[in-house]
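Undergrad: Handing you a structure now.
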Amino acid sequence: MASPRWPATLWIVRHGESTGNIARDEAHARGAQRIELTMRDVDVPLSPLGETQARTMGRWFADRPAEQRPDVILASPYLRAQRTAQLFLDCGGGSLDGPVAVDERLREKEFGILDGLTTGGIASVFPDQAEFRRILGKFYHRPPGGESWCDVIFRLRSLMDTIALHYAERRVMIVAHQVVVLCLRYIIENMDEATILAIDREAEVGNCAVTEYRFDPAMGTEGGLALVHYNDVSHLEERSPSIVTATPDATGAVRG
């Protein structure tokens with residue numbers, strides 16, 4: 001029998017609440033066209049609540065046996081994801097023998113000329129792009145200078161090949177962004193456009209929510225990754241329901 005080509009366990013985690021998440025909510029509440037940020041999206045930090053979420057997740061994992069904690073962590077290069085991973089580790093959540101591996105393929109979806117605009121802002125400033133998105137749908141619409149979901153999926157397929165090559169039978173955690181979580185589900189579970197967009201419409205991915213897969217040798221001829229939990233925030237709810245948040249990222253203004 002061939003050796004497994006997938007991790008023993010794969011956790012996919014969205015970063016903790018960021019100051020961009022808060023700014024997005026405030027902009028929509030005011031009916032503003034643009035989200036007020038004074039920095040690049042890559043540099044947006046966690047909010048104090050986001051730091052609490054990351055520490056809470058780390059402590060929850062620290063209470064588990066070592067063989068149920070990640071021994072590899074891959075993170076988006078964005079500050080909010082790297083900070084989430086580091087706080088998680090500082091609280092004993094992982095059992096790594098090396099640093100967090102930063103992988104640019106895990107970065108946030110790029111919104112190009114729509115970056116920082118609210119839904120109303122896009123309709124006002126770029127009505128042609130609002131119409132293109134209505135016609136094409138969010139899965140295929142690529143704003144000028146930005147990415148479609150298909151573009152994100154393309155780079156994540158390469159990431160999954162890297163994981164299969166280097167981290168078979170390991171316990172791997174990915175710390176990234178909402179669209180990345182959804183697009184990885186699309187790849188791992190071999191979904192179609194309608195299925196993943198239906199999941200997206202059901203609920204936002206929570207900040208520090210955990211999606212977990214475990215290797216199942218009975219799947220297919222070589223085994224596969226079976227979904228155990230999706231968008232699980234029970235580790236946060238155990239401490240306090242008030243620390244659970246699920247706000248889209250600042251640049252994630254266009255939703256369907």
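Undergrad: Do you know which of the residues in the stretch 165-189 that are assigned to a loop (DSSP other than H, G, I, E, B) and of a type outside the set (Phe, Trp, Tyr) is nearest to Phe88 (Cα to Cα)? I'd like the intermediate steps shown before the answer.
TA: Start the filter on the stretch 165-189 by keeping residues that are assigned to a loop (DSSP other than H, G, I, E, B), which leaves 167-170, 177, 189.
When the remaining residues are screened for being of a type outside the set (Phe, Trp, Tyr), the result is 168-170, 177, 189.
Working: Ala168: 23, Glu169: 22, Arg170: 18, His177: 16, Glu189: 27 Å.
Here the answer is His177.
Undergrad: Restricting attention to the stretch 9-31, report how many residues are of a type outside the set (Ser, Thr, Tyr), within 25 Å of Arg83 (Cα to Cα), open to solvent by 40 Å² or more (accessible area, probe 1.4 Å) and in contact (Cβ under 8 Å) with a residue 24 or more places away in the chain.
TA: So the count comes out to 2.
Undergrad: Restricting to the stretch 46-63, name every residue that is open to solvent by 40 Å² or more (accessible area, probe 1.4 Å) and without any contact (Cβ under 8 Å) to a residue 40 or more places away in the chain.
TA: Pro48, Glu51, Arg55, Arg59, Asp63 - these are the residues of the stretch 46-63 that are open to solvent by 40 Å² or more (accessible area, probe 1.4 Å) and without any contact (Cβ under 8 Å) to a residue 40 or more places away in the chain.
Undergrad: Restricting attention to the stretch 190-228, which residues are hydrophobic (A, V, I, L, M, F, W, C), in contact with a strand residue (DSSP E or B) (Cβ under 7 Å, 6 or more places away or on another chain) and not in a loop (DSSP other than H, G, I, E, B)?
TA: Selection gives Val210, Phe215, Leu225, Ala226, Leu227, Val228.
Undergrad: While we're looking at this one, here's another question. Confirm whether Arg170 is at pLDDT 95 or above, farther than 23 Å from Leu49 by Cα and open to solvent by less than 40 Å² (accessible area, probe 1.4 Å).
TA: Judged against the criteria, Arg170 is not a match.
Undergrad: Would you be able to say whether some residue in the stretch 157-175 is under 18 Å from Ser76 (Cα atoms), basic (Lys, Arg) and more than 16 Å from the chain's Cα centre (by Cα)?
TA: Yes; the residues of the stretch 157-175 include at least one that is under 18 Å from Ser76 (Cα atoms), basic (Lys, Arg) and more than 16 Å from the chain's Cα centre (by Cα).
Undergrad: What pairs can you find where one residue is in the stretch 138-167 and over 29 Å from Thr119 (Cβ atoms), the other is part of a loop (DSSP other than H, G, I, E, B) and aromatic (Phe, Trp, Tyr), and their Cβ atoms are less than 8 Å apart, with a gap of 6+ or different chains?
TA: Sorted first by the residue in the stretch 138-167, then by its partner, the pairs are Ile163/Trp6; Ala164/Trp6.
Undergrad: Under 6 Å by Cβ, and 6 or more places apart or on different chains, what pairs join a residue from the stretch 202-223 that is among the charged types (D, E, K, R) with one that is open to solvent by 50 Å² or more (accessible area, probe 1.4 Å) and assigned to a strand (DSSP E or B)?
TA: Hits for this filter: Glu212/Val228; Glu212/His229; Arg214/Val228.
Undergrad: OK, next. Within the stretch 70-88, how many residues turn out to be out of contact with any Lys or Arg (no Cβ under 7 Å at 6 or more places or on another chain) and either surrounded by fewer than 21 Cβ atoms within 10 Å (Cβ to Cβ) or of a type in the set (Phe, Trp, Tyr) (or both)?
TA: Number satisfying all stated conditions: 5.
The values are calculated or read from the model by the stated rules, or taken from the named source; none is laboratory data. What you are looking at is a predicted structure, and each value in this text was computed from that prediction instead of being measured. All Cβ positions, even for glycine, are placed from backbone atoms using ideal geometry, and neighbour counts span all protein chains on display. Side chains included, ligands, DNA and RNA excluded: accessible areas come from the protein's heavy atoms. Shrake-Rupley method; radii C 1.70, N 1.55, O 1.52, S 1.80 Å.
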